[in-house]
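Worksheet: the structure to be examined is printed underneath.
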Amino acid sequence: MKLTATLRQLDKWNAALMHKFGFVLLRYALAVIFIWFGILKPLGLSPATALVEKTVFWFSPAWFIPVLGWWEVAIGFFLLFRPTVSIALLLLFLQIPGTFLPLLLLPDATFTQVPFGLTLDGQYIVKNLILIAAAIAVGGTVNSKDTSEEIH
């Protein structure tokens, strides 16, 4: 019985700790992903460049790829600071629908077997669902008066 009570207390303490720091860590993780993946594009180091070029063929990759990359860097930068999270989320939700275009425009590049068998590029795209969910979770804290969301 005593072990069970101790484990419950430990579980409560652990959950409180995760609640206190989870959203801010999620926000920082999103920031790192957007800055990292974004900066690769203007540097010419992104493995997604070819897929983007094939998807948005109506734009010149010479300017579109760097602009897209800097857009993603801006999303990440604005996620770093709580007062600018709303700006980051606006930029993110304007950008993220375009990331799903290859699933529609390039099924041969994104599926091994439509609609469920995904290529590596298809998996790269579908993982954006977790970015969307994380952004929604972070967005839910924007107007929160709870300062426990910030690391002190």
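The values are calculated or read from the model by the stated rules, or taken from the named source; none is laboratory data. Just so you know, these numbers come straight off a predicted model, no measurement behind them. Cβ sites come from the backbone with ideal geometry, for glycine too, and all protein chains shown count toward neighbours.
Worth a mention:
- Matching option when the condition is small (Gly, Ala, Ser) and either touching a Phe, Trp or Tyr at 6+ places or on another chain (Cβ under 6 Å) or within 22 Å of ALA135 (Cα to Cα) (or both), among ALA31, ALA50: ALA31
- Qualifying position, being among the polar types (S, T, N, Q), touching a helix residue (DSSP H, G or I) at 6+ places or on another chain (Cβ under 9 Å) and surrounded by 16 or more Cβ atoms within 10 Å (Cβ to Cβ), among SER46, SER86: SER46
- Checking PHE93 against (1) farther than 19 Å from ASN128 by Cα; (2) of a type in the set (Phe, Trp, Tyr); (3) exposed (fewer than 15 other Cβ atoms within 10 Å of the Cβ), the condition it does not meet: (1)
- Checking each residue of region 141-148 against the condition of being assigned to a helix (DSSP H, G or I) and at pLDDT 95 or above gives no match.
- Filter result for LEU43 (at pLDDT 95 or above, over 13 Å from the mean Cα position of the chain (by Cα), in a loop (DSSP other than H, G, I, E, B) and farther than 16 Å from LEU131 by Cβ): yes
- Residue within region 61-73 that is without any contact (Cβ under 8 Å) to a residue 24 or more places away in the chain, over 30 Å from SER144 (Cα atoms), surrounded by 17 or more Cβ atoms within 10 Å (Cβ to Cβ) and β-branched (Val, Ile, Thr) present: no
- Identity of the residue in region 20-37, out of contact with any Leu (no Cβ under 8 Å at 6 or more places or on another chain) and either of a type in the set (Lys, Arg) or under 10 Å from GLY76 (Cα atoms) (or both), that ends up modelled with the lowest pLDDT: LYS20
- Inside region 110-123, residues that are part of a helix (DSSP H, G or I) and either of a type in the set (Val, Ile, Thr) or surrounded by fewer than 17 Cβ atoms within 10 Å (Cβ to Cβ) (or both) make up a count of 3.
- When residues of region 20-43 are limited to those that are in contact (Cβ under 8 Å) with a residue 40 or more places away in the chain and charged (D, E, K, R), the one surrounded by the fewest Cβ atoms within 10 Å (Cβ to Cβ): LYS20
- Residue within region 9-19 that is in contact with a Gly (Cβ under 8 Å, 6 or more places away or on another chain) and either without any contact (Cβ under 8 Å) to a residue 12 or more places away in the chain or among the polar types (S, T, N, Q) (or both) present: no
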